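In what follows, a structure is listed as structure tokens, so that the remarks can point back to it.
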Amino acid sequence: MPIPRSPIAVATLVLAAACTEPPPPPTDGVAQQVPVDDPGSPPVDETGGLPAVCKTITVKGKVFYNDLRKYGRFADRKTIFPTIAGTADPYATSNDKQNYLGLYDGKVSLFEIDQAYIGATSTCAATNFVGSTQIAADGTWQWTGSICDSCRADYDGANDNGISIGAKIVLENCASPSTRCFSVDDPQGEGTTDHYTDTSNWGTTWARWYHDATNLAPVAVHQQTIVDLGVDYFQNSYGLTPGVSTDLAAQAANVFASMVDATRQVHLAHDLPFDHDAWGQIRAYFPGVTGGTAHSHQADRLCEMAPATWVSGAVTAHEYGHLTHYWAWGGLGKWTDLEFDSDGDGVTSDDLAYDGDSREYTIAAFKEGWAEFVRRVTFDGANVGLSCASIENRSLVAPEFELFDGTPVCSASAATCTQGRHIIEDVEQVLCDLWDPADANPTLGVSDDRLALSLVDLQDNLAAVMANASADEQLDVIFATGFTPSTGADAPLGICRFAEELVAGGVSESLLVETLASDFLDCNL
């Protein structure tokens, strides 16, 4: 296994992002962007003099969302029938546009609510945060604790001996911030200026008041010790209703589901460290304000645009894959020169498609290949056709690639070729073969090999690529700010440099050469 090495201390460019349009006017029971864990309205002074009313209670409920993604770890969740695992039912092919699953890893925050005031005491507040809990895979949640109401002017039942509670459903999970911490945020139209350089956090985290326990209509608690708030849904309509593409709250819940899939696989299943001190809360902004395609920032946020139909699920995982790369490089690596002369005609303006089967600078091909690889790790074993196993026998691009005049870039008689280092899909396939289960009988030209390196080993090795790069190569990455020849990095920090570092870290050179050759790649090791 490679010897873990720390990345170099480089100038970190933490670039900001924000993404969406303002939500519609709030309506009770409708998904809204509301402050999370806030103290509520300013206290209203009112002299009471009576002791606070305190009650120890258990509050519980169920929360579902309509999962119409094409790609996801659906079986990790339960349907509205708690013994039945989820399955895929993509928006494009769904008959009824309904696929309700538990809002796994979502958060429910509890509040003590003061509705009315007579006179003035500082003990009254519109909302007072008291605690939160996470939602299980079947949508159930439960919180137990003591809630006190020191405002004696809102008359919570006879003799003012009760309390009033409200609950918010929040698209956030930072319960174990040293392991993972993320949210889906609506920047509400902010972030169009200096989109990549302003590091502020815009808008609010997607959240909504529980249907039957809002700030305007809370639940009164008197003698109860268990309060069941029932079933709710993260969307703009209440109940089991068909999904519509204009329901951005419902789509935000689908983006959240993809963040859950990525973080659970990357950090929990495969133990990739998460440095909360360095990167803080990872924010997935939805819907994007910049137009164009989804993108990630260096290195604490990503943006996904509102689609014409429904979010696919794969895009979020790809962008999270980029973040794991940037973390290894100290918050760098996004900006690479995209104007490589892919077809060899001497003109680069016709080579900017940035497709998986075009040729790119090796640093750009690796960047995208790594993100695609992490996406496949995310959906490994999910049976949705987007795992490393699903490309075991995919045809490699380099052996068939031709220049503008029909000349192949690889010799037809050669067993391997150097050109795969320039091609995103081929780099992705190499990374999958380095990571996926070993095969004892490798065959050249087929995605088999005898290596099975961990995701942690691979990211450590990625850190070593930057740490051991030359000063000029490091500066090329540090000072890159765009995707053009004058602004983007083109240092040769690609899959073959990655392979060299694996050997330097202790991986068998012969097995590595064998693995590369199975993907038709020659790195001249």
| said: Here's a check for you: in the range 341-364, which residue that is touching a helix residue (DSSP H, G or I) at 6+ places or on another chain (Cβ under 7 Å) and not acidic (Asp, Glu) is farthest from Pro273 (Cα to Cα)? | reply: Arg359
| If you scan the range 293-346, which residues turn out to be over 18 Å from Val184 (Cα atoms) and among the aromatic types (Phe, Trp, Tyr)? | Tyr326, Trp327, Trp329, Trp335, Phe340
| In the range 352-379, the residues that are in a loop (DSSP other than H, G, I, E, B) and within 17 Å of the chain's Cα centre (by Cα) | Phe379
| said: Quick check on the range 438-457. Is at least one of its residues without any contact (Cβ under 8 Å) to a residue 24 or more places away in the chain and of a type outside the set (A, V, I, L, M)? | reply: yes
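Based on what the data block shows, is Tyr104 touching a Leu at 6+ places or on another chain (Cβ under 6 Å), in a loop (DSSP other than H, G, I, E, B), of a type outside the set (D, E, K, R) and modelled with pLDDT of 95 or more?
No, not satisfied.
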| query | Which one of the conditions (1) of a type in the set (Phe, Trp, Tyr); (2) surrounded by fewer than 22 Cβ atoms within 10 Å (Cβ to Cβ); (3) in a loop (DSSP other than H, G, I, E, B) does Trp143 fail to meet, given that it meets all the rest? | reply | (3)
| task | Among what's in the range 201-239 and is β-branched (Val, Ile, Thr) and in a loop (DSSP other than H, G, I, E, B), pick the residue that is farthest from Phe286 (Cα to Cα). | result | Thr225
| Selection from the range 216-225 of residues that are in contact with a Lys or Arg (Cβ under 9 Å, 6 or more places away or on another chain) and either within 17 Å of Gly166 (Cβ to Cβ) or crowded, with 20+ Cβ neighbours inside 10 Å (or both) | Val221, His222, Gln224
| query | Which one is surrounded by the most Cβ atoms within 10 Å (Cβ to Cβ) among residues in the range 171-185 that are over 27 Å from Gln115 (Cβ atoms) and either at pLDDT below 90 or not polar (S, T, N, Q) (or both)? | reply | Asp185
| Which one of Thr316, Thr309, Thr290 is assigned to a loop (DSSP other than H, G, I, E, B) and either within 20 Å of Asp89 (Cβ to Cβ) or of a type in the set (Asp, Glu) (or both)? | Thr309
| Is it the case that some residue within the range 247-270 is surrounded by fewer than 18 Cβ atoms within 10 Å (Cβ to Cβ), closer than 30 Å to Ala125 by Cα and free of Cβ contacts under 8 Å to residues at least 12 places away in the same chain? | no
| Filtering the range 44-95 down to residues that are part of a loop (DSSP other than H, G, I, E, B) and of a type in the set (S, T, N, Q), which residue is modelled with the lowest pLDDT? | Thr47
| said: surrounded by fewer than 24 Cβ atoms within 10 Å (Cβ to Cβ), of a type in the set (Phe, Trp, Tyr) and more than 14 Å from Arg69 (Cα to Cα): which single residue out of Tyr233, Tyr238 fits that description? | reply: Tyr238
| Is the range 198-212 home to any residue that is in contact with a Ser or Thr (Cβ under 6 Å, 6 or more places away or on another chain) and modelled with pLDDT of 95 or more? | yes
| note | Looking across the range 354-377 at residues that are surrounded by fewer than 23 Cβ atoms within 10 Å (Cβ to Cβ) and among the small types (Gly, Ala, Ser), the single one that is modelled with the lowest pLDDT is Gly356
| remark: Taking the range 249-280 and keeping only residues that are within 18 Å of Tyr100 (Cα to Cα), touching a strand residue (DSSP E or B) at 6+ places or on another chain (Cβ under 8 Å) and not small (Gly, Ala, Ser), one is left with Asn254, Val255, Phe256, Met259, Val260
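Inside the range 442-524, counting only helices (runs of 4 or more DSSP H) that do not spill past its ends, which hold 1 or more residues that are assigned by TED's automatic domain parsing to the domain that holds Ala412, hydroxyl-bearing (Ser, Thr, Tyr) and out of contact with any strand residue (DSSP E or B) (no Cβ under 8 Å at 6 or more places or on another chain)?
By residue number, 509-518.
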| field | Residue satisfying condition, being touching an Asp or Glu at 6+ places or on another chain (Cβ under 6 Å), of a type in the set (Gly, Ala, Ser) and either assigned to a loop (DSSP other than H, G, I, E, B) or modelled with pLDDT under 95 (or both), within set Ser387, Ser349, Ser411 | value | Ser387
| Test: residue in the range 191-200 that is buried (at least 20 other Cβ atoms within 10 Å of the Cβ), in the same structural domain as Asp271 (by TED's automatic domain parsing) and not in a loop (DSSP other than H, G, I, E, B) | no
| Does the range 220-232 contain any residue that is of a type in the set (Gly, Ala, Ser), in contact (Cβ under 8 Å) with a residue 60 or more places away in the chain and closer than 22 Å to Val311 by Cα? | no
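The values are calculated or read from the model by the stated rules, or taken from the named source; none is laboratory data. As the structure is a computational prediction, the values presented were derived from the model and not from experiment. For neighbour counting, all protein chains shown are included, and Cβ atoms are generated from backbone atoms with ideal geometry for every residue, glycine included.
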